[in-house]
Amino acid sequence: MSIDIRLSNEKLQHESTDFSAERPLHLVIPGDIITREAGYMRGHGTYMENDVLYASVAGCVEKVNKLICVKPLKSRYTGEVGDVVIGRIIEVGQKRWRVETHSKLDSVLHLSSVNLPGGELRKRSEEDERMMRNYLQEGDLISAEVQSVYADGSLSLHTRSLKYGKLGQGSLLQVPASLVRRRKNHFHNLPCGASVIIGNNGYIWICPTINEQSDKTGGFVTNYERVNSSTREVIARLMNCATALAENMVVIYDTTLLCAHEFSLKYEVKELIKPDIAKEIALLTKQKIHNNDY
Amino acid sequence: MAAWELLKDQNFRLDGRKPTELRRIETRLGVFPNADGSAYLEQGNTKVLATVYGPHEVKGGRGRSNPDKAVINCQFSKSAFSSSERKTHMKFGRNSSETNQHLVQALNAAVMSHLYARCQIDVYVEIVQSDGSDFCACLNASTLALIDAGIALKDIVTCCSATIVDEKSVVDVNYVEESSGSAVLIVGLLPKDEQIAYMQMKGRLHADHLEKLLDCAVEGCRNINNILKERIGEHLKTHSSHFTLTRPATPGRAERSRPAIA
């Protein structure tokens, strides 16, 4: 058996390209003064004291018109209506499921906001209430959309579209939610032979390619067909690519994932977990994205 | 009288420091990928790991949750190999639950807990190596871990100890000085408003010395605060490159969006 040893002084010295030179970032840490000027609105990550605006988290100042926010490097997911999320059922309650979505409080999925077999207009009876555990039980993974945000910040989800629902065979990966870029579409059938769902809450689901028509059943029919080893390898490769991107703080969306996959092809899947190689792939991706300005 | 000569000629301490000199501080943020926030801190030979989980839904009965603010839960522990003598420390002993309460009190002053209504924030601190000023290192490490977790803080709460040796106040007390028997003052400071979030006195002290000792500890806190700020800044700089990409890529927008600093 051979053991792979890395010495820290033999670490690859990558030229760290400083992208911030062109677009300087305004970085603050808690207690820093953002501005003394009046007339600004206080956003997330800031607080006002004696007409001075201070930062309350360590991160980057973002300003939209008069609204100033500070975005932390990483934090729990704060939901917005319309976000695609991936969650895990943790409790079956009365007329609702409780779902863990990596936000501050647990989210709820009401029985009235799921698609039951039989279409949109089906009445929900007591019978359905008793059958809830047959649809989704504790430990099941679902993809869903944020329907509304309650006053305390907890989320109400819905799966009233055939693209959402229970997830079958695949791999789940967790990355910081701040790395996921909001896009029009979060469901991607990648040309490399797998499908990914990039949840806004930082959960990424990678699974064998979903056929457009036949597989979108809302998750009530789970496909337990054996996944062949080439597909599994693609899934594993994508997993490692996404991990590499997350570890090196690269934004994650379909383009970066595909770029990283492309750069990773010269390595074996298992090599991608080596920190040096992961860093190289992340840097190459970052450079490509930066040059093309996607 | 202590068996050691704690202040030698020309006011050098046993470990070669001046009375107002801090020990070397090393920090690392984000050491555990699975925690929401984590930090490692070395203050001289005192080494501490802190991890933060949350804010998350209150565990262990709904009765504990607070509808207006977060419940902060601290768990202090000391590893068996941390001191010169191997000893398993009781995790739920009287000593550690007292330390837990003190940590909670100090952190409550800094965390903007009204933003995390009905939530719970768990802070786990472990002393890996102990060489005096354990509580200070724990509080400093937990602050760093909270910042790493992206939890809103009013200010960076920093903690420092001071004691009196031969009528002179010395800052950032090490183990030998701590066990010499003179009083040790521990101060947790919110440096921006000069507020004291936490204060503890071990041992007896003449009232005349208190003011001097307090000034010494507060000055130590300020110095530690400056060091921690610098370290967090460095961490931010190396980990913030994705911000340029998460923002819409209109050239020049960043310059315009940067608010004026007064």
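Where a number appears in this text, it was derived from the coordinates with a stated rule and is not lab data. As the structure is a computational prediction, the values presented were derived from the model and not from experiment. Here the Cβ is made from the backbone with ideal geometry for all residues, glycine too, and neighbour counts use every protein chain on show.
Relative protection proxy for B:76-86, B:128-138, A:26-36, from highest mean packing down: B:128-138, A:26-36, B:76-86 (other beta-carbon atoms within 10 angstrom). Can you tell which of A:107, A:229, A:75 shows the greatest fluctuation in a Gaussian network model of chain A with Cα springs below 10 Å? In the Gaussian network model the winner is A:229. Taking only the alpha-carbon positions of the range B:23-235 and ignoring solvent, what does the Debye formula give for the base-10 log of I(q)/I(0) at q = 0.10 Å⁻¹? Treating every Cα as an identical point scatterer, log10 I(q)/I(0) equals -0.42. From the alpha carbon centroid of the range A:70-100 to that of the range B:16-90 is 27 Å.
Of B:158, B:88, B:46, which has the largest mean-square fluctuation in a 10 Å C-alpha GNM of chain B? Result: B:88 has the largest fluctuation of those listed. Take each residue of peptide B:36-43, count the partner chain Cβ atoms within 10 Å of its Cβ, and average: the result is 1.
Under 5 Å between amide hydrogens, built in the peptide plane, is the criterion, and for residue A:75 it picks out A:177, A:178 among residues at least 5 positions away or on other chains. Both radii were evaluated on the Cα set of the range A:19-72; the Rg over Rh quotient, with Rh as the Kirkwood radius, amounts to 0.97. Residues whose amide H comes within less than 5 Å of that of residue B:37, counting only those at least five positions distant or on another chain, are B:52 (H built at 1.01 Å from N in the peptide plane).
Take B:69-75, A:170-176, B:39-45 and order them by the average number of nearby Cβ atoms within 10 Å per residue, most first; the result is B:39-45, B:69-75, A:170-176.
Once you've got the GNM for chain A with C-alpha springs shorter than 10 Å, pick whichever of A:102, A:158, A:188 has the biggest mean-square fluctuation. Greatest mean-square fluctuation among the candidates belongs to A:188. For residue A:287 and residue A:138, the FRET efficiency from 1/(1 + (r/R0)^6), where r spans their Cβ atoms and R0 equals 35 Å, is about 0.20.
Each 20 Å bin from zero up to the one holding the largest Cα-Cα distance in the protein assembly as shown carries the following percent of pairs: 19, 47, 28, 5, 0. With unit charges on the beta carbon (Lys/Arg positive, Asp/Glu negative), name the residue among B:198, B:241, B:216 whose Cα is farthest towards the positive pole of the charge dipole of the range B:190-245. The one lying farthest along the dipole's positive direction is B:241. Ranking B:110, A:227, A:257 by Cα position along the charge dipole of the protein assembly as shown, where only Lys, Arg, Asp and Glu carry charges on their C-beta atoms, puts A:227 farthest toward the positive end.
Among the listed pairs A:279/B:237; A:163/A:279; A:270/B:47; A:163/A:266, a Cα-Cα separation exceeding 23 Å is found for A:163/A:279; A:270/B:47; A:163/A:266. Packing around the peptides B:147-154, A:64-71, taken as the average count of other Cβ atoms within 10 Å per residue, puts them in this order, highest first: B:147-154, A:64-71. P(r) tail, the range B:114-177: Cα-Cα pairs separated by more than 21 Å, 39% of all pairs. Only DSSP H runs of four or more residues enter the estimate; each adds -39500 (n - 2.57), and after division by the residues of the protein assembly as shown the mean residue ellipticity at 222 nm equals -7500 deg cm²/dmol. Residue-wise HN-Hα couplings along the range A:132-141, as the Karplus relation 6.51 cos²θ - 1.76 cosθ + 1.60 with θ = phi - 60° gives them from phi, are 3, 5, 6, 7, 9, 10, 4, x, 6, 9 Hz; Gly and Pro carry x. Rounded to the nearest 20 debye, the dipole size of the range B:1-58 about its Cα centre is 260 debye, using +1 on the Cβ of Lys and Arg and -1 on the Cβ of Asp and Glu.
For the range B:1-79, the fraction of alpha-carbon pairs lying more than 20 Å apart is 59 percent, rounded to a whole number.
Taking amide H as placed 1.01 Å from N in the peptide plane, residue B:158 has its amide H under 5 Å from the amide H of B:189, each at least 5 places away in sequence or on another chain.
Taking θ as phi - 60° and the Karplus parameters 6.51, -1.76 and 1.60, the scalar couplings of the range B:49-58 work out to 10, 10, 10, 10, 10, x, x, 9, 4, 5 Hz in sequence order, x denoting glycine and proline. Taking every residue in A:173-180 and counting other chain Cβ atoms within 10 Å of its Cβ, the average works out to 2.
Here the Karplus relation 6.51 cos²θ - 1.76 cosθ + 1.60, evaluated at θ = phi - 60°, turns the backbone of the range B:216-227 into coupling constants of 5, 5, 5, 4, x, 4, 4, 5, 4, 4, 5, 5 Hz, with x for every Gly and Pro. Quantify how strongly other chains surround peptide A:52-64 by giving the mean number of their Cβ atoms within 10 Å of each of its Cβ atoms. Counting other chains' Cβ atoms within 10 Å and averaging over A:52-64 gives 6. At an R0 of 45 angstrom, the distance between the Cβ atoms of residue A:262 and residue A:65 translates into a FRET efficiency of 0.70. The residue A:80 and residue A:231 beta-carbon pair, evaluated with R₀ = 41 Å, returns a calculated FRET efficiency of approximately 0.80.
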